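Working notes, structure below.
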Amino acid sequence: MEKIYIYLENGLFLEANSFGASGTKTGKLVFNNSTFGYEDVITDPSNAGLFVNFTSVEIGSTGINSDDMESTKAQISGVIVRNYHDEYSNYRAQKSLSQFLKEENALGICDIDTRYLTKVLRDEGSQMMVASTQISSKDELAKVLKDAQKYEEINFIKDSSTQVKYIHKSGIWDMDANAYKKASMSDKKVAVLDFGVKKTFLNELVNANLEVEVYPYNTNASELISMFENDEIGAVVLSDGAGNPNIYKDEIEAIKALIKANIPLFAIGLGHQLLALANGVEVSKLENLKQGSHPILGEVNVEIYTVNSDYVVDSKIEDFASVEYQTLFTNSAMGLKYNNIKAISVGFNPPSNSIIYKEFAELVK
């Protein structure tokens with residue numbers, strides 16, 4: 001393994017070993033407490049531009065397989081792990097994590113105190129960092145980071161979104177067949193605006209007996225409104241994605257037009273934040289972000305959901321909506337029921353077979 005050098009915007013300089021691609025990359029550092037599914041995290045478009053510090057100590061033992069990818073490529077800038085295992089033990093695996101990262105030009109950093117990094121992020125908040133196998137000078141790395149574009153300024157949607165519309169043809173995983181179920185015909189069709197959508201989310205929509213067509217992020221709102229008025233679609237989905245929701249001005253204006261047309265909406269993650277902004281609700285940045293599992297309070301129970309974004313919707317929204325779900329870590333609004341529009345809006349990733357998908361299917365015209 002070659003050496004890799006890390007510099008954080010707080011001035012912290014560290015040395016570790018590299019198991020991924022060679023080169024120099026910048027990105028925002030966050031920590032993730034998921035105990036499994038590292039491939040899902042690495043290929044999730046909502047994680048674009050991030051260095052993900054895994055709190056799970058052992059990473060790599062299940063390898064990589066194409067079925068578990070949430071998109072067609074690695075989305076992150078790099079991963080940071082305590083112990084990396086190049087030898088994998090999984091009958092579905094097709095290659096090692098190291099090989100995948102090298103093919104995808106993503107950095108892999110190991111043999112580093114991930115608990116220490118987690119404490120830094122917990123106490124000081126998520127922050128920009130640079131990592132390099134080519135530059136070992138602290139001062140040079142500091143200059144690279146200073147000159148780099150800030151995460152909050154980057155439009156990730158345009159690179160994450162599909163460029164052409166397509167019908168999504170797979171459902172949830174069939175354990176007996178060891179393959180994804182095929183989509184069946186449905187009389188309810190939805191259009192998904194792709195801000196960085198995950199494959200498994202689309203699978204769940206199919207599993208809710210919906211026909212799913214995915215559209216580029218910059219699809220004209222008038223096109224979607226026309227299809228709705230002609231009964232070609234029964235609702236629009238605002239997908240998850242990466243980045244600062246406050247900079248996506250064109251997308252917010254398009255959503256305002258969809259609201260005005262009274263189209264049923266399902267918003268998740270970034271889409272949840274954009275829908276709030278389109279309704280005049282403020283969306284602000286948290287000081288720090290623990291990616292992965294969060295306890296979310298619903299009407300009755302506390303359940304564990306996956307949360308990726310460090311942007312949250314203002315809970316003081318009585319004039320617009322009622323709070324249906326709330327995170328117990330920050331008391332932030334994680335699920336909204338709007339007063340005057342047909343919409344389901346959540347800031348987390350609903351798990352497989354969640355009642356939320358069924359509730360949305362009932363809204364679809």
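The values are calculated or read from the model by the stated rules, or taken from the named source; none is laboratory data. Source: prediction; values computed, not measured. Note that we place each Cβ from the backbone using ideal geometry, even for glycine, and neighbour counts take in every protein chain shown. Protein only, heavy atoms only, side chains kept; ligands, DNA and RNA dropped before computing areas. Shrake-Rupley method; radii C 1.70, N 1.55, O 1.52, S 1.80 Å.
Quick notes on this one:
- Sole exception among (1) over 22 Å from E324 (Cα atoms); (2) crowded, with 23+ Cβ neighbours inside 10 Å for N279, by number: (1)
- Filtering segment 247-276 to residues that are surrounded by fewer than 19 Cβ atoms within 10 Å (Cβ to Cβ) and closer than 15 Å to D194 by Cβ leaves only D250.
- Selection within segment 10-52: residues that are more than 20 Å from S66 (Cβ to Cβ) and among the aromatic types (F, W, Y). The member of this set that is most open to solvent (accessible area, probe 1.4 Å) is F13.
- Among the conditions (1) modelled with pLDDT under 95; (2) more than 23 Å from the chain's Cα centre (by Cα); (3) open to solvent by less than 60 Å² (accessible area, probe 1.4 Å); (4) of a type in the set (G, A, S), the only one that G171 does not satisfy is (2).
- Taken over segment 290-343, the criterion of being among the β-branched types (V, I, T), buried (at least 16 other Cβ atoms within 10 Å of the Cβ) and in a strand (DSSP E or B) is satisfied by I296, T306, V307, V312, V313, V323, T327.
- If only residues of segment 73-82 that are within 19 Å of D240 (Cα to Cα) and of a type outside the set (K, R) are counted, the one that is farthest from the chain's Cα centre (by Cα) is S77.
- Lone unmet requirement of (1) open to solvent by less than 10 Å² (accessible area, probe 1.4 Å); (2) within 22 Å of E153 (Cβ to Cβ) for L224: (2)
- Condition met for D194 (within 22 Å of N349 (Cβ to Cβ) and among the acidic types (D, E)): yes
- Looking across segment 42-72, the residues that are within 17 Å of E103 (Cα to Cα), in a helix (DSSP H, G or I) and within 13 Å of the chain's Cα centre (by Cα) come down to I42, T43.
- Sole residue being closer than 27 Å to S239 by Cβ, among the β-branched types (V, I, T) and buried (at least 22 other Cβ atoms within 10 Å of the Cβ), chosen from I109, I76: I76
- Among the residues examined, A257 qualifies as modelled with pLDDT of 90 or more, hydrophobic (A, V, I, L, M, F, W, C) and farther than 29 Å from I172 by Cα.
- For segment 73-102, the candidate set comprises residues that are part of a strand (DSSP E or B) and of a type in the set (A, V, I, L, M, F, W, C); within that set, the residue that is nearest to A48 (Cα to Cα) is V79.
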